[in-house]
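Chemist: Sharing a structure with you now.
Where a number appears in this text, it was derived from the coordinates with a stated rule and is not lab data. On a predicted model such as this, the values are computed, not experimentally measured, just so you know. Reconstructed Cβ throughout: ideal geometry from the backbone, glycine too, with neighbour counts over all protein chains shown.
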Amino acid sequence: REAMNKMPTYKGLERFKLLDKMGDGAFSNVYKALDLQSGEKVAIKVVRKYELNSSQRANILKEVQIMRQINHPSIVKLLSFSESDEHYFLILELMEGGELFHQIVKLTYFSENLSRHVILQVAEGIRFLHEECGVVHRDIKPENLLFERIPIRPSKIPQKRSYDEEKEDEGEFTPGVGGGGIGRVKIADFGLSKIVWNEETMTPCGTVGYTAPEIVKDERYSKSVDMWALGCVLYTLLCGFPPFYDESINVLTEKVARGYYTFLSPWWDDISASAKDLIKHLLCVDPSERYTIDEFLTHPWILGSAPPPEPTP
Ligand code: ADP
Ligand code: MG
């Protein structure tokens with residue numbers, strides 16, 4: 001199939017042979033490619049310069065600058081960066097398994113154990129960004145969470161909730177290298193990410209120095225946007241649909257603004273109270289009440305290796 005797709009060629013990208021298109025964006029295409037020098041497969045995000053205004057160009061360079069500094073197993077690595085007159089080229093670690101979004105669509109939903117496995121890896125990446133790098137991602141969503149390897153073979157797609165508990169025992173979904181395991185889930189797309197002010201500025205009681213109040217107020221809770229998004233992803237993993245949805249963008253905006261969501265029956269009936277409790281602490285409208293990444297990581301549902309017993313009705 002790869003041979004049938006005619007791949008474009010780009011001036012400045014002679015070192016690589018494009019194999020397949022993996023993604024489309026507003027200003028970019030992402031390709032699977034072979035590095036002819038090293039023999040390694042990579043992903044290349046090709047950004048069309050001429051469609052960007054100067055602030056969008058600056059954003060790409062900021063995306064590159066931020067990604068360059070980050071080295072963590074839950075963050076897609078930027079291997080190198082180059083540009084030609086017409087394009088920027090971000091050479092990225094290849095994530096063969098594609099988007100978490102597609103896996104949710106395929107599987108309908110993940111069990112609690114598999115959801116925990118996936119969300120924990122995402123959370124480890126967020127913890128590193130927030131605590132070690134002072135970076136907020138600001139675009140955490142299933143399209144930007146990528147699997148290192150294809151999680152399951154299409155013929156093995158089960159229809160029932162219990163699929164991963166069964167298959168995990170067979171090694172089908174076990175994490176780690178080798179075999180057909182699920183591999184790691186990593187955070188991609190730093191196009192909206194931002195370096196936040198230092199820790200002092202983030203804390204209300206710290207020394208704020210000469211920073212203007214509107215900046216302090218804005219920045220204080222900037223990390224919490226990733227925590228909200230993490231809650232939305234966890235909700236979606238567990239039931240297969242997002243917490244906030246409406247055909248009308250106005251109604252949807254209103255629902256989000258009020259934090260109006262429900263644990264819809266029957267889809268949520270069998271999901272543990274502990275998972276719901278965690279989601280409630282993430283989908284809080286008031287960012288000062290929302291869990292931080294450290295609170296998330298120490299919640300009983302995250303710490304528990306198995307879902308706690310169901311409350312008796
Ligand atoms: P955009 O800013 O256009 O959303 P992304 O960086 O999110 O750009 O890339 C768009 C899509 O390309 C992703 O949603 C994903 O499907 C695919 N993609 C991006 N990076 C990789 C990668 N390293 N490996 C595999 N696929 C990728
Ligand atoms: Mg994206």
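Chemist: Non-local amide H neighbours of L92 (under 5 Å, H modeled in plane, Pro and chain starts lacking H): which ones?
Modeler: Correct list: A43, I44, K45, L79.
Chemist: Figure the gain on full extension for R138 and Q56 (residue separation times 0.36 nm, minus the Cα-Cα span) and round it to one decimal in nm.
Modeler: 27.9 nm
Chemist: Return the long-range amide H neighbours of L19 (sequence gap of 5 or more, or a different chain), with a cut-off of under 5 Å between placed amide H atoms.
Modeler: K32, A33, L34
Chemist: Same structure, new question: By per-residue mean of other Cβ atoms within 10 Å, what is the highest-first order of 110-117, 251-258?
Modeler: 110-117, 251-258
Chemist: Loop-only check: which trypsin sites (Lys or Arg not before Pro) in segment 1-110 are DSSP coil with at most 13 other Cβ within 10 angstrom?
Modeler: Sites meeting the loop and neighbour criteria: R1, K6, K11.
Chemist: Could you work out the local net charge near G12, counting Lys and Arg as +1, Asp and Glu as -1, over the other residues with Cβ closer than 15 Å to its Cβ?
Modeler: +1
Chemist: Right, another one. What percentages make up the Cα-Cα pair-distance distribution of segment 250-297 when the bins are 10 Å wide from 0?
Modeler: Percent of pairs per bin, in order: 23, 45, 31, 2.
Chemist: If you split all Cα-Cα distances of segment 1-140 into 10 Å bins from zero, what percentages do you get per bin, shortest first?
Modeler: 10, 35, 35, 18, 2
Chemist: Rounded to the nearest Å, what's the spacing between the alpha carbon centres of segment 25-102 and segment 116-145? Just the number, please.
Modeler: Between the Cα centres of segment 25-102 and segment 116-145 lies a distance of 18 Å.
Chemist: Which of W301, W268 comes first, and how do the rest follow, when ranked by fewest Cβ neighbours within 10 Å?
Modeler: Least crowded to most crowded, the residues run W268, W301.
Chemist: Apply the Debye scattering formula to segment 61-133, with a single equal point scatterer on each alpha-carbon and no solvent, then give log10 I(q)/I(0) at q = 0.22 Å⁻¹.
Modeler: For the requested q values the scattering log ratios are -1.06.
Chemist: With Rg and the Kirkwood Rh both taken from Cα atoms, where does Rg over Rh land for segment 2-81?
Modeler: Radius of gyration relative to Kirkwood radius: 0.97.
Chemist: Between D294 and I215, how many nm apart are label points set 7 Å from Cα along the C-beta direction?
Modeler: My value for the distance between the label points is 2.5 nm.
Chemist: Could I have the simple spin-label model distance between D269 and I249, label points 7 Å from Cα toward Cβ, reported in nm to one decimal?
Modeler: 3.7
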